[in-house]
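Written out below as structure tokens is the structure these notes cover.
The values are calculated or read from the model by the stated rules, or taken from the named source; none is laboratory data. The structure presented is a predicted model; accordingly, all values stated were derived computationally and were not measured. Backbone-built Cβ (ideal geometry, glycine too); neighbour counts: all protein chains shown.
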């Protein structure tokens, strides 16, 4: 098929690369010329494991990128993969999605294939595909026969290509049988169960999935906080809980909490949707509250050990919200660094991959070129990201004034590190 992806960001680029790898002809459209140029050089501005290698094989063959929307009218399938960031009240900002839909409508009014399929990949509130995107296309093209679909992504940063090519399931929220048939054909070479639902249910599946995973993390953290007070190993507890086939051990990870571009944003948006429809989102609010307090507990533990943080050098190891990515969006490190500055401490920052992205958040902070450099003469250390290289640290901590180490990710193997929940 000839497929156009609107949006060359994380979801759009990974989706385009994987569909191109499966044999489809892909064109990425993005208004950011720097992003487009980077894609066409096979040198993406985001880091994702394996992405550059795939791009080098595909760019110029079955995958291209540009700022022009001309190819929309020549596409069998048009995927919308633009951002839906949070508004200050927690609701999803749909301005990019609406702009993309309006541009697609304009292009289809000039030229179109027989029965084009417009697919929303962006995470959007239930009803958006049918009540916003479809009417925008229809208003400009009243006589056009087209399909509409909501096809959510379930990609983990750092493992996105693997997740796309080997998913647990594929959710297709097609508007009609022809759209559903085309979408099944799109994914025919992927061995995974396909769930056919209506677009609104597909939108809710995405939100509910992320909310449940976030809930598991906050649950593990709350139990972990209690276990710490009782002198119980929370990881033994969660192992025992997770072995129940009704539960699963995945995401029962006590620690500094969740971040990234999805969980905080999507739980907040779902809570807003619930409240807007007269349902009090007590559980969702609690999930967010636990998550925001968890990294601050690390500061409390540090103060209990070394007293006032004013003037103290504190090594912060790990800036990305998780390992294998340079993404710092909603990283728990941000809350910790802000609190350290508020207490007049001197944060000394290191991450093997996310230094440049964090510099856009804290341009005036002190950055070092290695974990060892960050630890040199530090009064304390906070481990915020589960990078495998941090697990190997030991003698490097001897360069600290005292080995005062708070591990927020249960990754260190040394005996004198204190865990946030253990």
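Things to note:
- Exactly one residue out of 95, 68, 122 is surrounded by fewer than 16 Cβ atoms within 10 Å (Cβ to Cβ), on the phi < 0 side of the Ramachandran plot and touching a strand residue (DSSP E or B) at 6+ places or on another chain (Cβ under 9 Å), and it is 68.
- All positions within segment 13-46 that are in a helix (DSSP H, G or I), crowded, with 24+ Cβ neighbours inside 10 Å and over 21 Å from the mean Cα position of the chain (by Cα): 20
- Test: residue 62 is surrounded by fewer than 24 Cβ atoms within 10 Å (Cβ to Cβ) and either without any contact (Cβ under 8 Å) to a residue 24 or more places away in the chain or touching a strand residue (DSSP E or B) at 6+ places or on another chain (Cβ under 9 Å) (or both): yes
- Verdict on residue 8 being touching a helix residue (DSSP H, G or I) at 6+ places or on another chain (Cβ under 6 Å), buried (at least 19 other Cβ atoms within 10 Å of the Cβ) and outside the structural domain of residue 272 (by TED's automatic domain parsing): yes
- Residues considered: 85, 135. Of these, the only one that is at pLDDT 95 or above, in the same structural domain as residue 155 (by TED's automatic domain parsing) and more than 22 Å from the chain's Cα centre (by Cα) is 135.
- Segment 311-331, subset closer than 14 Å to residue 380 by Cα and surrounded by fewer than 24 Cβ atoms within 10 Å (Cβ to Cβ), residue nearest to the chain's Cα centre (by Cα): 313
- Conditions (1) buried (at least 17 other Cβ atoms within 10 Å of the Cβ); (2) farther than 15 Å from residue 294 by Cα; number of the one not met by residue 227: (2)
- Out of 295, 264, sole residue that is crowded, with 23+ Cβ neighbours inside 10 Å and closer than 18 Å to residue 422 by Cβ: 295
- Breaking point among (1) out of contact with any strand residue (DSSP E or B) (no Cβ under 6 Å at 6 or more places or on another chain); (2) under 26 Å from residue 113 (Cα atoms), for residue 10: (2)
- Extreme residue, farthest from residue 154 (Cα to Cα), among residues of segment 169-194 that are in contact with a strand residue (DSSP E or B) (Cβ under 7 Å, 6 or more places away or on another chain) and assigned to a helix (DSSP H, G or I): 178
- Looking across 73, 90, one residue alone is at positive phi and either assigned by TED's automatic domain parsing to the domain that holds residue 121 or surrounded by 19 or more Cβ atoms within 10 Å (Cβ to Cβ) (or both). It is 90.
- Here 371, 399, 365, 391 are screened, and the one residue that is more than 22 Å from residue 343 (Cβ to Cβ) and in contact with a strand residue (DSSP E or B) (Cβ under 8 Å, 6 or more places away or on another chain) is 371.
- When we screen 221, 210, 253 for residues that are part of a loop (DSSP other than H, G, I, E, B) and crowded, with 18+ Cβ neighbours inside 10 Å, the only hit is 253.
- Scanning segment 149-167 for residues that are assigned to a loop (DSSP other than H, G, I, E, B) and either over 15 Å from residue 202 (Cα atoms) or at pLDDT below 95 (or both) yields 155, 156, 157, 158, 159, 166, 167.
- Residue 199 surrounded by 20 or more Cβ atoms within 10 Å (Cβ to Cβ) and touching a strand residue (DSSP E or B) at 6+ places or on another chain (Cβ under 9 Å): yes
- The residues of segment 258-296 that are in contact with a strand residue (DSSP E or B) (Cβ under 9 Å, 6 or more places away or on another chain) and either free of Cβ contacts under 8 Å to residues at least 24 places away in the same chain or over 17 Å from residue 209 (Cβ atoms) (or both), listed by number, are 272, 295.
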